[in-house]
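Heads up, the thing below is written out as structure tokens.
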Amino acid sequence: MVRLTRAQQQERTRAAVLAAAKAEFTERGYAAAKVDEIAERAELTRGAVYSNFPSKRALYLAVLVDMVERAAAAEHSDSAKRSGTTEQNAIAESGTTSTVPQPPAPSEGSIADALGAFARTWLERMPLADGTPSFGQAHLRSPAGVLDDEPIRDAFGQVTHLEALLLALALESHAPADAPFVRQVRRAQLVLRLLEGPGASADPALGFGDPFDIVQACAHLGGLALADTWNPPHLPYVPPARACRDRWSPPQELQDLITHRPVGFAEDGVITLLGTNRLKAAEEAVRAARTGDRITVVVTTADPAETGRLVQLRAGDFARCLRRVFEPGAWPRLRLVLDERGLLASAVGVPDADDATEYAVRVQHGTIVTRAQGPGAAHGAATFDLTTADVSHTTPDGAAP
């Protein structure tokens, strides 16, 4: 019999707890589930459960994240198989091989069509009106009971702003190339409000209307005339960024929550650290970016087990819906990563990043050339004019070393 290493045993224990917790939460829902019952199902002690997950809420969110991760991995596997089959067919027809990946077909149709397709994809995750596939699955989709204190509710509200931005960017990329630019954030917010029901923490098992009516209503919002402009009143008063010349030593790859693929951070662009209480500011990084800039939004938190998992769950599940409707080029420059171990924050020079962090740097040719901190940091770092700057080496807080 092969003896397991300590790490392997810990992984096995964690997997057993997750499986038992999924069964318990599916059967009873979050509020009624008991950690003692989960431990009994897993044939472990209560202490063993808490040694892997600090709270019932952390365990519940970990179960949901595991479900989303498995679904996303399965979709990537199916996509790879389809791509391989398509490439083989093309080779057979042409008699040649090519190592150059073919770009996806351009998106077609109107914004109304895109919103209708997105609404259908969103609603496919929900249980049907007759209880199929199971009422227990509805329990697992519901955040009811989890948002029971102000910090987690605040983080949830900020994530919804981030979701609206992601949908808006996808819609903006869907518009005809010769059409004038129209910001789509307000439209995205309306659609998500409709899809979420009367409250973001509502139980999806309750049902809020015929799904076909909801799809039609979302599509109808695609033709609604909205005066949507980007003009935050505080941006003209943002303190200027600081020029610097600090060596950039990027950490290892992290998973991009939008594409569900690992990404590196060596290339030029703007890296913005945003705590979970500041996620609404992600749009500042996007709108201030120069042509060709790579924008990386890094989510930081002092509570990775609960708040971090909530962000990973919501953003990951939301992006999974978007990927099924919009082409990969819908977010050509934006990446979203969760820095739960503080690797990127430490590399930038902010080792104590938390839920209130707002900090941005511009990376150019392997060097951090601009730093900005506080409200409007992303805007300041992205728009700073380096040609007129007094460049010097600085610490992250702006003081001379």
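Rule-based calculations on the coordinates, nothing more; no lab input. Being a predicted model, the structure only gives us computed values, none of them experimental. Using ideal geometry, Cβ is built from the backbone for each residue, glycine included, and neighbour counts are taken over all protein chains shown.
Counting other Cβ atoms within 10 Å as a rough exposure proxy, the listed residues D36, D354 run D36, D354 from fewest neighbours to most. Using the Cβ-Cβ distance between L235 and E267 with R0 set to 25 Å, the FRET efficiency from 1/(1 + (r/R0)^6) comes to roughly 0.45.
Note on Y60, Y237: ascending count of other Cβ atoms within 10 Å places them as Y237, Y60, the fewest first. Note on K22: aspartates and glutamates with a C-alpha under 18 Å away, same-chain residues under 8 apart excluded, are E11, D36, E37, E40, E43, D66, E69, D203, E306, D317.
Within the shell of other residues whose beta carbon sits under 9 angstrom from the beta carbon of P262, the net charge comes to -1, with Lys and Arg scored +1 and Asp and Glu -1. For the modelled label position 7 Å from the Cα of E27 along Cα-to-Cβ, which residues of segment 41-65 have backbone nitrogen atoms closer than 17 Å? Of the residues in segment 41-65, 41-46, 60 have backbone N under 17 Å from the label point off E27.
Counting charges near I271 (Lys, Arg +1; Asp, Glu -1) among other residues having Cβ under 11 Å from its Cβ returns a value of 0. From the square roots a ≥ b ≥ c of the eigenvalues of the alpha-carbon gyration tensor of segment 275-347, which class results: rounded (a/c under 1.5), prolate (a/b over b/c), or oblate? Oblate shape, in that a/c is at least 1.5 and b/c is the bigger or equal ratio.
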